[in-house]
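Derivation of every value follows stated rules applied to the coordinates shown; laboratory data play no part. Keep in mind that what you see is a predicted model, and the values were worked out from it rather than measured. With ideal geometry, Cβ positions are generated from the backbone for all residues, glycine too; neighbour counts draw on all protein chains shown.
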Amino acid sequence: MKSVFPNLALVLPLLLTACSRPDAADPNTASPSIADVQQLTARVSALEAEVKVMRQAQSGGGADAGAQQATARAAAQYCANQLASALEEYRQDNARYPAARAVTLPSACQGFRVAWTGLEKTHYRFQVSGQTGAVLANEVR
């Protein structure tokens, strides 16, 4: 007959560890102390205050930035319209568009950069960029 003791020696440690508290065995899963909770509460409050300040700054400055961007786009489109009008007048008088060196930018384009992507006798294409280099208006004919 076989002895039961070797099997019992294997099963007993398993039973003892299965009944132990997990937080007592692993310090990472232990319940937070009152000091930990207070620190976390203070940190959350500080982060909430930072978010509130950021939202206030964004809502105050966001409207101005949006208005400035809309104004810049409108001014760039006006520049594009004025330049296109001047090109069309030249074409009506000469049956073709002018060469790039012969084009004089209208005063509405002051402060903008006009980049020609195509200027031929029968058609033209240009972009109007702002001070940051962002394209604000396009014109094609």
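Looking across region 91-123 at every residue that is closer than 21 Å to Arg73 by Cβ and of a type in the set (Ser, Thr, Tyr), the one that is surrounded by the most Cβ atoms within 10 Å (Cβ to Cβ) is identified as Thr117.
Of the residues in region 54-66, not one is touching a residue at least 24 places away in the same chain (Cβ under 8 Å) and either at negative phi or surrounded by 15 or more Cβ atoms within 10 Å (Cβ to Cβ) (or both).
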